[in-house]
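Here the structure is laid out as structure tokens; the discussion comes afterwards.
Values in this text are rule-based calculations from the coordinates and carry no lab data. Owing to the predicted nature of the structure, the values given are computational and were not obtained by experimental measurement. We place every Cβ from the backbone using ideal geometry, glycine too, and count neighbours over all the protein chains shown.
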Amino acid sequence: VVIVRVNGEIDTATAPRLSAVLHRELDSGICRLLAVDLRAVDFLGAQGIAVLDNARQHAQAYHIGFCLIAGRAVRRLLQTLAMIEDFTFCDKTYE
């Protein structure tokens, strides 16, 4: 299990760096479950959501588990965008 803890803002400026980190872990060959901890994220923009969705699809294609640890604000945003069902949440497991 690899846990990537993210803080601050995930926007156009920071999303590429997050994408690189997530894909590096997914491509490492040793990761069986990638948990992305978003509890310290202050802002999640469209680019950030795209990065998370792309990483989720990457993980799925390689049969790697992928889950989010997220607070109410991130969940509400994903719910509003009708994307909540696309993600697995693992908050209770890795808190």
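Summary table
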| item | result |
| --- | --- |
| Residue within segment 47-62 that is farther than 15 Å from Thr14 by Cβ and touching a Lys or Arg at 6+ places or on another chain (Cβ under 8 Å) present | no |
| Close pairs from segment 39-62: first without any contact (Cβ under 8 Å) to a residue 40 or more places away in the chain, partner among the hydroxyl-bearing types (Ser, Thr, Tyr), Cβ under 6 Å, at least 6 apart | Gln47/Thr12 |
